[in-house]
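Values in this text are rule-based calculations from the coordinates and carry no lab data. Everything numeric in this text was worked out from a predicted model, so none of it was measured. All Cβ positions, glycine included, derive from the backbone under ideal geometry; neighbour counts span all protein chains shown.
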Amino acid sequence: MTDYHRDGRAGIDADLVRRLLADQFSQWADLPVAPVKIDGWDNRTYRLGAELTARLPTAESYTAAVHKEHQWLPVLAPALPVQIPEAVAKGEPGQGYPYHWAIRRWIDGETASPDTVTDLSGFARSIAKFVVALQACDATGGPGAGAHSFYRGAPPEYYHEETVGALDVIEGRIDTDLAREVWETALASSWDRPAVWFHGDIASGNLLVRDGRLSAVIDFGTSGVGDPACDLVIAYTFFSGDSRDTFRSAVAQDADTWARARGWALWKALITLAGDRDVDINQRVIDEVLADHVATRTP
């Protein structure tokens with residue numbers, strides 16, 4: 001059997017998808033299978049004809065999302081202002097592939113970027129509207145933050161050792177004293193209200209646009225019920241200036257939640273910068289987070 005945990009991306013291909021379809025979903029076995037142009041790391045995604053996709057986790061740690069999304073996407077969809085993935089079927093392990101997998105409805109759209117979004121402030125309002133609507137969904141029985149959400153929705157303290165280690169690695173490359181202050185401020189507060197729904201990865205790659213406007217939010221693999229601070233990170237990774245101010249006003253979250261959001265943004269940027277990945281992008285995010293922290297300090 002292929003070790004998908006160790007070599008998942010090389011071990012999943014169109015031929016495997018065809019064999020799984022033939023075994024488990026004969027009604028779709030004759031559809032053409034082709035990889036999507038823009039793919040993620042957690043899953044490999046293939047187009048099945050014009051209307052469907054097959055989404056296969058690359059490691060066991062990502063399989064919880066298959067079951068979670070299959071159960072909860074239909075519950076959340078009617079309450080949200082834009083389209084989200086539609087769960088069509090759930091596949092079983094087979095053909096040497098050891099994990100459950102998903103068939104979804106294809107959603108047309110372009111990935112959000114400065115080139116595809118025509119009005120950043122309008123886009124910021126749309127994202128805020130989605131976040132607020134998601135938080136308003138009934139959280140009864142929803143999946144509490146934990147390993148399945150990679151601890152999004154839990155206190156950022158879970159990643160304390162990683163964050164401190166990254167700060168040690170990049171000492172001198174950024175204002176590490178100020179970064180530690182940002183991180184400690186994030187740890188000093190907690191979500192003390194009833195748990196609410198969060199997406200967990202509201203990032204440009206999971207936002208689709210049509211005609212320059214938000215049309216869909218995809219990939220609920222890290223979603224759950226808990227602290228929504230992680231859903232504000234896009235304020236630093238995509239917005240700035242007027243568009244960030246618009247997002248901040250429209251999403252209407254309290255100062256402590258914003259402090260934790262800065263912690264989440266800082267953690268991810270620090271660990272990727274410490275690994276010398278996407279250096280310019282993560283340096284910019286860190287600069288934005290530090291500057292925002294200074295600007296919002298209590299006098």
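Apply the Kirkwood formula to the stretch 153-299: the hydrodynamic radius equals the inverse of the mean of 1/r over all pairs of different alpha-carbon atoms; give it in Å with one decimal.
Working: mean 1/r = 0.0636 Å⁻¹.
When all Cα pairs of the stretch 153-299 are included, the Kirkwood radius is 15.7 Å.
Work out Dmax and Rg for the chain from the C-alpha atoms and quote the Rg first, both in angstrom.
Final numbers for Rg and Dmax: 19.7, 66 Å.
For an R0 of 35 angstrom, estimate the FRET efficiency from the Cβ-Cβ distance between GLU110 and ASP256 and round to the nearest 0.05.
Working: r = 35 Å, r/R0 = 1.01.
My answer for the efficiency is 0.50.
What does the stretch 200-244 give for Rg and for Dmax, in Å, if only its C-alpha atoms count?
Looking at the stretch 200-244, its Cα Rg and Dmax stand at 11.5, 33 Å.
Output needed for the stretch 247-297: three equivalent-ellipsoid semi-axes, defined as square roots of 5 times the C-alpha gyration tensor eigenvalues, in descending order, whole Å.
Working: eigenvalues 102, 21, 18 Å².
Those come to 23, 10, 10 Å.
Rounded to whole Å, give me the distance from the Cα center of the stretch 51-69 to that of the stretch 116-131.
Between the Cα centre of the stretch 51-69 and that of the stretch 116-131, the gap is 28 Å.
Considering only DSSP beta bridges where both residues belong to the chain, give the percentage that are antiparallel (nearest 5).
On the way: 27 of 30 bridges.
The antiparallel proportion sits near 90 percent.
According to a simple spin-label model (label point 7 Å from Cα along Cα-to-Cβ), what is the distance in nm between ASP138 and LYS90?
Distance between the two pseudo-spin positions: 2.0 nm.
How would you rank 230-238, 57-65, highest first, on the average number of other Cβ atoms within 10 Å across their residues? It would help to have the intermediate numbers written out before the result.
On the way: 230-238: 25.7, 57-65: 19.3.
Those peptides, ordered most packed to least, come out 230-238, 57-65.
What FRET efficiency do you get for HIS67 and LYS37 if R0 is 25 Å and r is their Cβ-Cβ distance, rounded to the nearest 0.05?
Working: r = 27 Å, r/R0 = 1.09.
Using R0 = 25 Å, I get an efficiency of 0.35.
Report the gain in length on full extension from THR272 to ARG297: 0.36 nm times residue separation, minus Cα-Cα distance, nm rounded to one decimal. All intermediate terms of the calculation are to be shown ahead of the outcome.
Details: separation 25, 0.36 × 25 = 9.00 nm, distance 2.62 nm.
Length gained, THR272 through ARG297: 6.4 nm.
To the nearest 10 degrees, how steep is helix 64-76 against the longest Cα principal axis of the chain, on a 0 to 90 scale?
Long axis of 64-76 versus the principal axis of the chain: about 80 degrees.
What is the log10 of I(q)/I(0) for the stretch 4-107, computed with the Debye formula using one identical point scatterer on each Cα and no solvent, at q = 0.15, 0.17, 0.24 Å⁻¹?
-0.58, -0.75, -1.44
Determine the calculated [θ] at 222 nm for the chain from helices alone, applying -39500 (n - 2.57) to every DSSP H run no shorter than 4 residues and normalising by the residue count; nearest 500 deg cm²/dmol. Present the calculation step by step, with values, prior to reporting the outcome.
Details: 10 runs with 123 residues, N = 299.
Helices in the chain give a 222 nm mean residue ellipticity of -13000 deg cm²/dmol.
Report, by chain and number, residues whose modeled amide H sits under 5 Å from the one on SER215, excluding near sequence neighbours (fewer than 5 apart, same chain).
LEU208, VAL209, ARG210
Charges only on Cβ, +1 for Lys and Arg, -1 for Asp and Glu: so what's the dipole of the stretch 94-213 about the Cα centre, in debye to the nearest 20?
The dipole magnitude comes to about 740 debye.
So who's got an amide H within less than 5 Å of the one on GLY91, skipping anything under 5 residues away but keeping other chains? H placed 1.01 Å off N, in plane.
TRP101, ALA102, ILE103
From the phi angles alone, apply the Karplus equation (6.51, -1.76, 1.60; θ = phi - 60°) to the stretch 246-261 and give each ³J(HN,Hα) in whole Hz, x where the residue is Gly or Pro.
With the stated coefficients, the stretch 246-261 comes to 4, 4, 4, 5, 6, 7, 6, 9, 7, 4, 5, 5, 5, 4, 5, 4 Hz.
For the stretch 177-223, how big is Rg over Rh, using alpha carbon atoms and the Kirkwood form of Rh?
Numbers: Rg = 15.8 Å, Rh = 13.6 Å.
My calculation puts Rg/Rh at 1.16.
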